[in-house]
Amino acid sequence: MTDRQMMTCTAVDSELLGYLEGTLAADARTAVDEHVASCLRCSSILRDIGSIRAQAAQLPELAPSRDLWAGISARIEPAVVPLGRARQDIRRSWIPAATAAAAALVIATAGITYFATTRSLRPMTQKVAAAPKGGPGAQGIAQPAIVPSTATAPPDTSVSSAVSASAAPTSVAAAPAGERSGGRAPSAGVRLASRRNEPAAGPGEIAYGDEIARLQNIIKQRRRELDPGTVTVIEQSLAIINAAVRQSRAALARDPRSGFLTDQLNHALDKKIELLRTVALLPSRT
Amino acid sequence: MMQPTAPAEDSTDVALAAAGDRRAFERLYNGHVNRVFTLCARMCGSRIRGEELTQDVFVRAWEKLPQFRGDSAFSTWVHRIAVNIVLTDRKNEGRARRRMKEDEDEVGEDIFAPAATPPRDADRMDLAAAIGNLPAGARQIFVLHDVEGYKHEEIAELCGITAGGSKAQLHRARLLLREALTR
């Protein structure tokens, strides 16, 4: 290779990208063609790159080594408890929003629960005291299907073990419709705690506990796929929501007739399911 | 190997899946999983990670199906989702690596190692292995352009770079591949 060719080879190298992309001006392209026709090195480069391009376009399709559908199917399982924001685009920005919402929820729940229970317990105690045990006054009052027992339970916010942390209620306390303190109409979706005068969930009825357990199982399986930082934030959010659930249950145990407290518990459980469902749908390692 | 279904065949299942029919979505999955997996695995340089990303792609597709207007074929649409998922994954990996003070431009891990590929075509096997060993940025551009047939303008839009940057990365990838294959 002569000095003239070396220089020209260097020049060709700098023009090669444009040459291959077809963006070179006609005279420059002709100059490259003339050089390549007489230069073994440069013609070899062009030939090899052409071969790589041709082979790349013919690369065979690959197939996964395992069934991927099962994991996908579990993650897209429809929510048993309908969510207002179902099937929304999942973005990272939900994490601070969820934390803020959870914090607001627990503050609101704590304050309102305190206010509501201190106001409602006194008259109810008087009524109960006035009515004979097992008498007519006790009839028609729906009791909690499951008496909350989490007031003394230690907090457990681990994502992987949160099935127990949820104290997963298979049903939630029901209160007479006429005694709901809130004016909001029941949602169109099925909400177990909104059902009135039904002591327990029957076969096929939808329960928060089942949904929470199912979602937590998915999250447990996906835990290693998630970023540790994300898991930490999720656990913090779950801790806040679980605290709200515990407080609502404790208040509801003292005042099982309160429709307002029932709604509070519903709301907290809705938030929990919403968070878990969001986590179940999160892309891996985000 | 399952071939992608034609757009006309997909359209009914797309409509059903968008309305929440999981069986229809499973049929779409069956028709497209290999192409999506191929893209994910080649772009990220790892079969194992490619499988995880493939799952993410179909979960995302399920989430977004109600917004799919049918302007393009379902295969094109889901392909684009796959590219975005892989690129986002790379960005996240890059952030994680920077936190750990590691080299961001690390090569692929386990994909397309010669032993893992059926020895039907030695040249193709070598090329596949060489692609897996490219630096991440060059590998992704090469796969998108020379394997998947994307144009530089499309790649630029997807990757958030200029078309010139895409061309430069592609050229770099080709020269690296040539070097690896002629070594």
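Bear in mind these aren't lab numbers, they're just calculated from the coordinates by the rules spelled out. Because the structure is predicted, anything quoted here is derived from the model rather than measured. Positions of Cβ are backbone-derived with ideal geometry, glycine not excepted, and every protein chain shown enters the neighbour counts.
A few notes on this one:
- Taking A:CYS42, B:CYS44 and counting other C-beta atoms within 10 Å, the order from fewest to most: A:CYS42, B:CYS44
- Exercise: per-residue mean of other protein chain Cβ atoms within 10 Å, B:166-174: 3
- Paramagnetic label zone (point 7 Å from Cα along Cα-to-C-beta, A:THR232; backbone N under 18 Å) in the range A:245-286: A:285-286
- Here the range B:7-98 is described by how far its Cα atoms reach on the three principal axes: 44, 22, 21 Å, from widest to narrowest.
- Gap separating the Cα centres of the range A:219-280 and the range B:147-183, nearest whole Å: 47 Å
- Between A:SER44 and A:ALA26, the distance separating the two model label sites (each 7 Å from Cα on the Cα→Cβ line) works out to 3.4 nm.
- Shielding by partners for peptide A:45-58, expressed as the average number of C-beta atoms from other protein chains within 10 Å of each residue's C-beta, is 6.
- Taking label positions 7 Å along the Cα-Cβ direction at both B:ILE161 and B:GLN67, the computed distance is 2.6 nm, reported to one decimal.
- Neighbour-count ranking [beta-carbon atoms within 10 angstrom, fewest first] of A:LYS271, B:LYS91, A:LYS220: B:LYS91, A:LYS220, A:LYS271
- Among B:GLU52, B:GLU154, a tally of other beta-carbon atoms within 10 Å of each Cβ gives an order, fewest to most, of B:GLU154, B:GLU52.
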